[in-house]
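The values are calculated or read from the model by the stated rules, or taken from the named source; none is laboratory data. What you see is a predicted model; the values in this text were computed from it and never measured. For neighbour counting, all protein chains shown are included, and Cβ atoms are generated from backbone atoms with ideal geometry for every residue, glycine included.
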Amino acid sequence: MNSVKSQGLYREEFEKDSCGVGFIANIKGRKSHQVITDALTMLKRMAHRGACGCEPNTGDGAGILIQVPHDFFIGECGRLGFKLPAYGSYGVGLVFFPRDVKVREECRTLLNRQIKKMKMGLLGYRVLPTNNKELGETALLAEPVMEQVFIRRLDAGVDPEEFERKLFILRKYVTHLITESIKGVDNQFYFSTLSYKTIAYKGMLTSGQLKPYFPDLENDEVVSALAVIHSRFSTNTSPSWRLAQPFRFIAHNGEINTVQGNINWLKSKEVFFSSPHFTREELNMILPICNPKQSDSSNLDNVIELLVHAGRPLPHVMMMLIPEAWDGNEAMTEEKKDFYEYHANLMEPWDGPASITFTDGKIVGATLDRNGLRPSRFVVTDDDFVVMASEVGAIDIDPAKVVSKGRLQPGKMFVVDLEQGRIISDDELKKDICTRQPYGKWVKENKVRLIDLPEPGGSFHKYDPITFLKRQISFGYTSEDLRMILAQMCETGKEALGSMGNDTPLAVLSRQAQHLSSYFKQLFAQVTNPPIDPIRERLVMSLASHVGGSLNLLEESPEHCITLELPTPILSNNELEKIRYIDHRHLQTKTIYTYFKADGEPGSLEKGLNRVCQYVTDAIEDGFTIIILSDRSFDSGHAQIPSLLAVSAVHHDLIRKGLRGKVGLLVEAGDVWETHHYATLVGFGASGVNPYLVYQTIHDMKKRNLFSEELTEEKALYNYKKAVAGELLKVMSKMGISTLQSYHGAQIFEALGIHQEVIDPYFTGTVSRIGGLKLDDIAKEALVKHSLAFPKTANSNPKLEVGGVYQWKQRGEAHLFNPQTIHLLQQSTKAKDYSLFKKYSTLINDQSEKAITLRSLLKFRKAKSIPLSEVESKESIFKRFATGAMSFGSISHEAHSTLAIAMNRIGGKSNCGEGGEDEIRFVKKANGDWENSAIKQVASGRFGVTSHYLTNAKELQIKMAQGAKPGEGGQLPGHKVDDWIGRVRHSTPGVGLISPPPHHDIYSIEDLAQLIFDLKNANREARISVKLVSEAGVGTIASGVAKAHADVILIAGHDGGTGASPISSIRHAGLPWELGLAEAHQTLVKNKLRGRVVLQTDGQIRTGKDLAIAALLGAEEWGVATAALVTSGCIMMRKCHLNTCPVGVATQNKELRALFTGKPEYVVNLFEFLAEELREIMAELGFRKVSEMVGQADRLELSEGDAHWKNQHLDLSPLLFKEPMNLDVA
C-alpha cells in the first residue's frame, strides 16, 4: 500500500445546493424601479432559504437578473466618455475579472481582440460600483474585480436576435480561450451575463447584502419589467462567486441527479451539431457546451442557452429537458404525449427535484419537475403584476388586489409574455408548441417497437447441463445465490430480503473472487435532495429506453425518432434474438464477443478490451446502429471480460471518439442475476440486458424441484423479471431519479477498491478515492473463477461454491460475527470476565491474515505512553456512548427495554428507533431503573411521534437515511405489528408498515433547517441530531446540516444492522463509516464549521480499537447496536424479518419472546469493557481525554499486516489526511 499523501476525501464535484427562487413581473411590460425593489424585498424575506457558513456575513450566494436598464446606462456611459447606440444595437456584459492586475489585463486584451475579430465594436468598460464593507473574510478573499463591457453591433443588417447569438458565441469562445491560454487565470474569469436584453447582478452574498453591495440596484433610474431572484443554500466549501445564480436563462432550486450522464450524452451528440443559425466555425467556437467542473444548474443553463440560440422557443426547450410524466399517463392529450415521445428520442430528461424560473428577457416563467418536489407559488394582481416565489409571503400584497393565486403543479409551466402583455396558460402554451410539427405522425411512421419486430430466424439458446454448470462456476454463481436471491425473487416477484447488516469483507478485501459490480456502491439522495417514493410516485416513473443512433439535436425531422423502444431493460432470449436479426433501413445489429486470453499474462485483459473497442468502432463505420456485447464465447483458453467492464469501456471509448451517439449498446451476459448487476450495466451505458444464464438457471432449478410445486417455470420467469423491474425502480428512486432514460449512463456509483488507472479510461468520471485493483488484478480475479470451471486436473463432481455471504458457512465468506466471536462476547459479558472479552476483541481486531474492514488496515503510531490512572474515567467515557436506532417492533419489548435500562444506568443514551415508545416507559421504575430512551427518533413515517414523545427526550434525531438501506424507508412486516405495536405507532395491527424514502416535509436542506427549528421549539432542552449515511459527498452534506443548526451529526456506516432490508441494499449501497466520518470531519474543518457540531458514528463497532480509530478520524461519540444485541442474546440467525427469532430478540411472537435471556447487566458490562479497552489504548498513545484524540488522524498509519495481492494498490492516505486547522475552526 502507498504512503500517506497530503490529500483528503473532499472533492469539489460533491458540492450541492438548494435555494429560494422567484420572479416578479409587470404583465404589460411596464418598466419601473419598484419591480427591482420588490424583488430585492422578496429575496431578503427568503433569507432562510439561503445560508451562511462559518461567518454570518459570508453568504452562499444571492443574485438578481433584470432587463438591461438602457436609460441608466446611457447616463453612466456618457459620464465615462462614450455614447451608447439605440437599445438592441449593443450588448452589455458583466465580467468577473481576476484580481491580479497583470492577469486581468491579459484577459481584457484577449477579449478586446476577439470583439474586433468577430466584427463587433468595443464601446468601453465601466468599473462596476460595489460596496464590500459588510462582507465577511471568506467572501472578500474570493471577491473578483467586476466590470461591465459594452459591445456594439456594427452590421446594421443583423437583427437583434442574431446579435444576441453573436454575443453568446463571443462569450463562450472567449471564456474557453482565456481559461486554456492565460496562465494564472484559474477559472477567475467569468461572464455573469452578456446580452442586449438582460443583465445579472450576483455574488457570494447573503440575501440582505445584494442591494447594498451593488449601488446600481438602489438607483431609481435602474428599471425593469421583470426581475428573477435566487438565494443559495449550499454545502459549498471552496468560496465561489460564479456559482451564485441567476445564470443567463434560469434560476434553479433543486438538484440534477443525472448530470454526469446528461453531460456525457450531450458530448456524444456534439459531433452531429449543425444549424442554419450557426456556421461550422461558430459551432466549433462554442464547444464544449458543458463543463463537468461547473455546477449542475450551470450546465443545465448552458444546454438551455444552446437550444434557444439554435432556434427553439424557451418553453419548448424547458419541455424537452424537464418533461412531464407522460409515459402511461392516460389523462394527457395525444398531441402532448406525441411531443414528449418524439423528444425522448432526442434528449434524456435532466432528472431531479427542480423548481426553475426562466426568462429570455421577453417572457418570464417557471416550471416544476414531474414529481413537483419543490414549492412554487404565484399571485396575480389587478394592477398587472405577477409574483412567483418558493413560498407565500415573500412580498406584501393587498388581498383586495389579488385576481388569482395558486401553486405550480408537477410538470406544469407558468409563462408571462411581456410583449403580448398576458399570462399564457400551461394548456395553451403546450398545445401551441406540441402542434407546430406533426410529432404523432413522425413517431407512428418511424419509431420501432420491440413487440412489433418479426420472430427471429434462428436461435442458439440450447440448454446443455455440462456447459451450463461450467458457465455458472466461471461467472461466480454460488448455491447461496440460488437459494437466497433467485428462489425468493422467483417465488414472490419481489427483491430478496435480509437482516442484521453486513459483516463480510469489502469486495477489495475479500479472499473470495468477487463480481466486478461489488466494487461499485450505489449513491443515494439525502438532505440536499430527496429520494422519491417508488410506490407513491409509480405513475411518474418509467423503465422505458431507446436503442439506436442519434441525429442532430439542433434540428427536428421524422428521422430523429427512428429508434427501437424497449419497455424495460430486461430482455428475454426471444426478444434479444428479434433484435439480433432486425433488418430495418436505419437499424442493424452486430454481435461482438467479449473475451480475453486466459493465459494469466500481464496486459491480456487490456488487449481484449482494445480488440472489443476496435471491433465496435469498425461496426459503427460499417453502418451498424445496435451493438450486442456478448460473453457467450469462452472456452478453456479464453475467459469472459466482466460485462460491466466491457460495457463501460466501450461506452467511454465511443464518447472520446465522438461515436457514442451513433449506436445503442445491449448486453448478452451470463454474469447478471441480481438487481445491482442490472443497475451498474444501465448506469454505465447499456440500454438493455439479456441475462441468458439466469433463464437457464431458473429452468434448471425448476427441473431439480428447488421451487414450490405449484410454481411453473413461466411464472418463475415472470416473477423474476417483475422483481428486478421493481427493485430497479427502487434503486433509481434512491437517487431521486424517475426514468431509466435519465439513469442510463448517469454513473451514480462510487468505486470502492478500483484503481484510478482503471477508472480514467474505462469508468471515466466515476469517484474512486482509495485506489485498488488495476486491470491485471481484475483479470486475475476473473481467472480465479475461470480456473474453477476449467480445472487443470479433472473434477469428478464439479459444483457451485457455497457462498456464505448472507449467512455464515464453514467454507464460506469470512464474517466478523461468527460462532466463535459470538460465544466469546456473550460469555464474557455474562460472567463479567474482561480477560475473556480481550480474547473476543483480539479475534475481531486481528485481521492480519484476512482483512475485513478498512480500519483493519490501520494501526496506531507509537507514542510516549502515560499511566492508565491518568486517563479519564470509564464513567466519563460512558456519556459518549449510544445504542444504534432499533425500533420497538423490529425488536421485542424485552430487548428494547433491556438496552434502555442499561444505557440509563451508565449515563449513556439508548435510541428508540423510528417506532415510537410506550408512554409507560417515560416514568422510572420503583427500583430506579428507567426504560425511557434518551434519544427519540423522528423518521419519515413519523410513527409514534407526539408532543409527549418529543418532550421526553434528551436528544431528538432526524433520521434522513439508514446504513443498511439508504434512500429507502424502514420496513416492519405486518406479522410483527401486533395490538401493542399498533397502538404505540398509531397504526393498524396486522398491516405492514413501510416508511416513505423521503420525509414528505423535507425536500431540500432548507426544509431540514425548518424541522430542526421546529424540534428545538418542541423540546428546548434536547439536542437535535441528524442521521446521515456514509457516501461520497457526505462531508458537504454535513456542512449543510451544520449550517442548518443541527447540534449532532451521525455518520452511519453501510454495514449497520437492520430488522428488514432488501439484500441488494445491505450489500451495495453506502460506504464504510471510516470514509464518511473522515470526509465529514475534514470538510467541516475546511468549512470552519467543525466547532458547531458533535460528530457521532456507528456501524458494526465492536471493540475499543474501533472506538479509538473512530475518535482519531473525527468522532466524539459512538453508537453500538449489533454488539449490544449480541450481548443481549442475538445469535445472528438473520431471520429478524421473518418474526422467527429463536432467542426472543427480534420477534413479536409471545412464545419466542419468552426465550429472551438478556439482562441490562450484560449490556452494562459490554460498555464497561469497551470503555476500559479504549482507556488502555489512550494510555498507550499518550491521550488523557477523548477530546484530545478527536480528529488526530496523523496518529494512525498503515499496517503491514494483510499483504494479499488485492490490497497492494490500496491508498488510504485520503482517509488519514489531517485538514489544517486553527482556532477559527469553531
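Anything in region 582-610 that is over 22 Å from K785 (Cα atoms), touching a Phe, Trp or Tyr at 6+ places or on another chain (Cβ under 8 Å) and not hydrophobic (A, V, I, L, M, F, W, C)? List them, or say none.
Within region 582-610, Q588, T589, K590 meet the criteria.
When you scan region 656-758 for helices (runs of 4 or more DSSP H) that lie fully inside it, which ones turn up with 3 or more residues that are over 30 Å from P998 (Cβ atoms)?
692-703, 713-734
For the list (1) basic (K, R); (2) touching a residue at least 60 places away in the same chain (Cβ under 8 Å); (3) part of a strand (DSSP E or B); (4) touching an Asp or Glu at 6+ places or on another chain (Cβ under 9 Å), I need the number of the one condition that R152 fails.
Unmet for R152, out of (1) basic (K, R); (2) touching a residue at least 60 places away in the same chain (Cβ under 8 Å); (3) part of a strand (DSSP E or B); (4) touching an Asp or Glu at 6+ places or on another chain (Cβ under 9 Å): (4).
Of all residues in region 452-475, count the ones that are in contact with a strand residue (DSSP E or B) (Cβ under 8 Å, 6 or more places away or on another chain) and not hydrophobic (A, V, I, L, M, F, W, C).
Count: 1.
If you take the residues of region 376-410 that are in contact with a Ser or Thr (Cβ under 7 Å, 6 or more places away or on another chain) and either among the basic types (K, R) or not in a loop (DSSP other than H, G, I, E, B) (or both), which of them is nearest to E324 (Cα to Cα)?
Here is the first cut: in region 376-410, the ones in contact with a Ser or Thr (Cβ under 7 Å, 6 or more places away or on another chain) are 376, 380, 388, 390, 395, 397, 401-403, 407-408.
Those left that are additionally either among the basic types (K, R) or not in a loop (DSSP other than H, G, I, E, B) (or both): 380, 388, 401-403, 407.
Values: V380: 24, M388: 20, K401: 32, V402: 29, V403: 27, R407: 16 Å.
Out of the qualifying residues, it is R407.
Can you name the condition, by its number, that K1206 falls short on among (1) crowded, with 20+ Cβ neighbours inside 10 Å; (2) under 31 Å from the mean Cα position of the chain (by Cα); (3) farther than 30 Å from M1132 by Cα?
(3) is the only condition that K1206 fails.
Being in a helix (DSSP H, G or I) and within 27 Å of I395 (Cβ to Cβ) narrows it down to one residue among L135, L65, L40; which is it?
Going through L135, L65, L40 in turn, the sole match is L40.
If the requirement is being of a type in the set (S, T, N, Q), within 23 Å of the chain's Cα centre (by Cα) and in the same structural domain as K774 (by TED's automatic domain parsing), which of these qualifies: Q488, Q472, Q522?
The unique qualifying residue is Q522.
Scan region 661-708 residue by residue and report those that are surrounded by 23 or more Cβ atoms within 10 Å (Cβ to Cβ), within 20 Å of G726 (Cα to Cα) and among the hydroxyl-bearing types (S, T, Y).
Answer for region 661-708, where residues must be surrounded by 23 or more Cβ atoms within 10 Å (Cβ to Cβ), within 20 Å of G726 (Cα to Cα) and among the hydroxyl-bearing types (S, T, Y): T675, Y678, T680, S687.
Taking region 421-434 as the region of interest, how many residues are touching a residue at least 60 places away in the same chain (Cβ under 8 Å) and either in the same structural domain as N573 (by TED's automatic domain parsing) or assigned to a helix (DSSP H, G or I) (or both)?
5
Does region 838-849 hold any residues that are assigned to a loop (DSSP other than H, G, I, E, B) and surrounded by 16 or more Cβ atoms within 10 Å (Cβ to Cβ), and which are they?
If the condition is that a residue be assigned to a loop (DSSP other than H, G, I, E, B) and surrounded by 16 or more Cβ atoms within 10 Å (Cβ to Cβ), then Q847 is the only one that fits.
Within the group G637, G726, G658, which residue is among the small types (G, A, S), surrounded by fewer than 22 Cβ atoms within 10 Å (Cβ to Cβ) and closer than 30 Å to E537 by Cα?
Criteria check complete, one pass: G726.
Conditions (1) more than 31 Å from the chain's Cα centre (by Cα); (2) within 28 Å of A639 (Cα to Cα); (3) assigned by TED's automatic domain parsing to the domain that holds L629, marked per residue:
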residue: D671; (1), (2), (3): no, yes, yes
residue: T680; (1), (2), (3): no, yes, yes
residue: V694; (1), (2), (3): no, yes, yes
residue: K702; (1), (2), (3): yes, no, yes
residue: A723; (1), (2), (3): no, no, yes
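Within region 266-289, can one find any residue that is outside any loop (DSSP other than H, G, I, E, B), without any contact (Cβ under 8 Å) to a residue 60 or more places away in the chain, among the polar types (S, T, N, Q) and surrounded by fewer than 24 Cβ atoms within 10 Å (Cβ to Cβ)?
Yes, region 266-289 contains a residue that is outside any loop (DSSP other than H, G, I, E, B), without any contact (Cβ under 8 Å) to a residue 60 or more places away in the chain, among the polar types (S, T, N, Q) and surrounded by fewer than 24 Cβ atoms within 10 Å (Cβ to Cβ).
Checking the structure you have, find out if any residue of region 234-245 is part of a strand (DSSP E or B) and out of contact with any Phe, Trp or Tyr (no Cβ under 8 Å at 6 or more places or on another chain).
Taking every residue of region 234-245 in turn, at least one turns out to be part of a strand (DSSP E or B) and out of contact with any Phe, Trp or Tyr (no Cβ under 8 Å at 6 or more places or on another chain).
Please find, within region 342-360, the residue that is modelled with the lowest pLDDT out of those that are in contact with a strand residue (DSSP E or B) (Cβ under 9 Å, 6 or more places away or on another chain) and surrounded by fewer than 23 Cβ atoms within 10 Å (Cβ to Cβ).
Going residue by residue through region 342-360, those that are in contact with a strand residue (DSSP E or B) (Cβ under 9 Å, 6 or more places away or on another chain) are 344-345, 348-349, 351-360.
Of the ones still in play, those that are also surrounded by fewer than 23 Cβ atoms within 10 Å (Cβ to Cβ) are 345, 360.
Details: N345: 93, D360: 96.
Looking at the filtered set, the residue picked out is N345.
For the list (1) at pLDDT 95 or above; (2) surrounded by 18 or more Cβ atoms within 10 Å (Cβ to Cβ); (3) not β-branched (V, I, T), I need the number of the one condition that L80 fails.
(2)
What single numbered condition from (1) without any contact (Cβ under 8 Å) to a residue 60 or more places away in the chain; (2) farther than 17 Å from G20 by Cα fails to hold for D384?
Here D384 clears every test but (1).
For region 1181-1203, give me the residue count where each residue is surrounded by fewer than 17 Cβ atoms within 10 Å (Cβ to Cβ), in contact (Cβ under 8 Å) with a residue 60 or more places away in the chain, part of a loop (DSSP other than H, G, I, E, B) and of a type in the set (D, E, K, R).
2
Of everything in region 290-310 that's assigned to a loop (DSSP other than H, G, I, E, B) and either touching a strand residue (DSSP E or B) at 6+ places or on another chain (Cβ under 7 Å) or among the hydrophobic types (A, V, I, L, M, F, W, C) (or both), which residue is modelled with the highest pLDDT?
Applying the filter and picking the extreme gives A310.
Kindly indicate whether L773 is over 15 Å from H652 (Cα atoms), of a type in the set (A, V, I, L, M, F, W, C), surrounded by fewer than 24 Cβ atoms within 10 Å (Cβ to Cβ) and in contact (Cβ under 8 Å) with a residue 40 or more places away in the chain.
It is false that L773 is over 15 Å from H652 (Cα atoms), of a type in the set (A, V, I, L, M, F, W, C), surrounded by fewer than 24 Cβ atoms within 10 Å (Cβ to Cβ) and in contact (Cβ under 8 Å) with a residue 40 or more places away in the chain.
Is it the case that region 852-868 has a residue that's assigned to a helix (DSSP H, G or I), surrounded by fewer than 14 Cβ atoms within 10 Å (Cβ to Cβ) and of a type outside the set (K, R)?
For region 852-868, residues assigned to a helix (DSSP H, G or I), surrounded by fewer than 14 Cβ atoms within 10 Å (Cβ to Cβ) and of a type outside the set (K, R): present.
How many residues does region 441-500 contain that are surrounded by fewer than 18 Cβ atoms within 10 Å (Cβ to Cβ), of a type in the set (G, A, S) and part of a helix (DSSP H, G or I)?
1
Counting only residues that are more than 20 Å from P966 (Cα to Cα) and touching a Leu at 6+ places or on another chain (Cβ under 8 Å), how many does region 982-1009 have?
Of region 982-1009, the ones more than 20 Å from P966 (Cα to Cα) are 982-991, 1006, 1009.
Checking which are touching a Leu at 6+ places or on another chain (Cβ under 8 Å) leaves us with 985, 987.
Count: 2.
Return the pairs, sorted by first residue and then second, in which the second residue is of a type in the set (D, E) and in a helix (DSSP H, G or I), the first residue lies in region 612-630 and is free of Cβ contacts under 8 Å to residues at least 60 places away in the same chain, the beta carbons are less than 7 Å apart, and the residues are 6+ apart or on different chains.
Partner pairs satisfying both residue conditions: C613/D653.
Would you point out which residue out of T1083, T1058, T1097 is buried (at least 24 other Cβ atoms within 10 Å of the Cβ) and part of a strand (DSSP E or B)?
The match here is T1097.
How many residues are over 32 Å from the mean Cα position of the chain (by Cα), within 17 Å of L993 (Cβ to Cβ) and crowded, with 23+ Cβ neighbours inside 10 Å if we restrict to region 885-943?
3
Please find, among L1155, L1107, the residue that is part of a helix (DSSP H, G or I) and either touching a residue at least 24 places away in the same chain (Cβ under 8 Å) or surrounded by fewer than 22 Cβ atoms within 10 Å (Cβ to Cβ) (or both).
Only one candidate qualifies: L1107.
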